[in-house]
Amino acid sequence: RKEVEQDPGPFNVPEGATVAFNCTYSNSASQSFFWYRQDCRKEPKLLMSVYSSGNEDGRFTAQLNRASQYISLLIRDSKLSDSATYLCVVNSPTSGTYKYIFGTGTRLKVLA
Amino acid sequence: EAQVTQNPRYLITVTGKKLTVTCSQNMNHEYMSWYRQDPGLGLRQIYYSMNVEVTDKGDVPEGYKVSRKEKRNFPLILESPSPNQTSLYFCASSRRAGTGASYEQYFGPGTRLTVT
């Protein structure tokens, strides 16, 4: 089982739709969680950190479910500009330290 | 402007010809890391550095070397490149790592390497 798993998609949604992605992680001792956005062949950029209580930034909402070991990202009122790959990143203890583990990404296409 | 820079951005080379990809950050970050990204495999860590003169292997270190003589620079060295090292490479930095805290990683723009 991979340490961090995401559905690769693509998720094709119309403009204005609400879309949600999940990401599961295997190490229950993981401490911090992030969603990054990556446009085609560009560098990943932080979209938002994910806090235990859940957090919202405009149209984006991130949640953490420690019991089931997954994080989620909800995008409301999708825009064409939201088309990108969304990477889940988990900071997990490994060999006495913490390391950032990346999921392979979920591809989103927002259609006009 | 806070940033991570990489050079070159694009490189086509031949098998066995040593090359170095430079990485520099201006944010005084302790932690720096190199990743490679391949289709279907996501980002995989090659090497990382917790601070000056402290480096360690990531998940795919074979065929690569790094050094961290100064805080701002973290070059990636391919002593004898092979075609299976053709990939998109990213350098990243953050304030700190090795703890569970939430520190954002900042990525460089990427280096697309082709080894023929």
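The values are calculated or read from the model by the stated rules, or taken from the named source; none is laboratory data. Quantities reported herein were computed from a predicted structural model and do not represent experimental measurements. In this analysis, Cβ positions are derived from the backbone assuming ideal geometry, glycine residues included, and neighbour counts consider all displayed protein chains.
Taking the condition within 23 Å of A:Val4 (Cα to Cα) and touching a residue at least 60 places away in the same chain (Cβ under 8 Å), does B:Ala92 pass?
On the way: within 23 Å of A:Val4 (Cα to Cα): yes; touching a residue at least 60 places away in the same chain (Cβ under 8 Å): yes.
Taking the combined requirement at face value, the residue satisfies it.
For residues in the stretch A:69-111 being assigned to a helix (DSSP H, G or I) and not hydrophobic (A, V, I, L, M, F, W, C), which is farthest from A:Gly9 (Cα to Cα)? Give the derivation first.
Residues of the stretch A:69-111 that are assigned to a helix (DSSP H, G or I), as a first pass: A:80-82.
The next check asks that each one be not hydrophobic (A, V, I, L, M, F, W, C); those that pass are A:81-82.
Details: A:Ser81: 17, A:Asp82: 14 Å.
Checked the stretch A:69-111; the qualifying residue farthest from A:Gly9 (Cα to Cα) is A:Ser81.
Can you name the residue in the stretch A:39-64 that is of a type in the set (S, T, N, Q) and surrounded by fewer than 14 Cβ atoms within 10 Å (Cβ to Cβ) and, of all such residues, is farthest from A:Gly103 (Cα to Cα)?
Looking only at the stretch A:39-64, we keep the residues that are of a type in the set (S, T, N, Q), and these are A:49, A:52-53, A:55, A:61, A:63.
Narrowing further to those that are surrounded by fewer than 14 Cβ atoms within 10 Å (Cβ to Cβ): A:52-53.
Numbers: A:Ser52: 20, A:Ser53: 22 Å.
Here the answer is A:Ser53.
Name the residue that is nearest to A:Arg107 (Cα to Cα), counting only residues in the stretch A:1-38 that are loosely packed, with under 14 Cβ neighbours inside 10 Å and within 11 Å of chain B (Cβ to nearest Cβ).
Within the stretch A:1-38, the subset loosely packed, with under 14 Cβ neighbours inside 10 Å is A:1-2, A:10, A:12, A:14-16, A:18, A:20, A:28-29.
Checking the rest, the ones that are also within 11 Å of chain B (Cβ to nearest Cβ) come to A:2, A:29.
Numbers: A:Lys2: 18, A:Ala29: 27 Å.
By that ranking, first place goes to A:Lys2.
For the list (1) touching a residue at least 40 places away in the same chain (Cβ under 8 Å); (2) facing another protein chain (nearest Cβ under 9 Å); (3) buried (at least 17 other Cβ atoms within 10 Å of the Cβ), I need the number of the one condition that B:Pro81 fails.
(2)
So in the stretch B:1-46, with the set limited to residues that are in a loop (DSSP other than H, G, I, E, B) and of a type in the set (Gly, Ala, Ser), which one is modelled with the highest pLDDT? It would help to see each step written out before you state the result.
Taking the stretch B:1-46 and keeping what is in a loop (DSSP other than H, G, I, E, B), we get B:1-3, B:8-9, B:14-18, B:26-30, B:39-41.
Applying the additional criterion that residues be of a type in the set (Gly, Ala, Ser) yields B:2, B:16, B:40.
Numbers: B:Ala2: 82, B:Gly16: 96, B:Gly40: 83.
Of everything passing the filter in the stretch B:1-46, B:Gly16 is modelled with the highest pLDDT.
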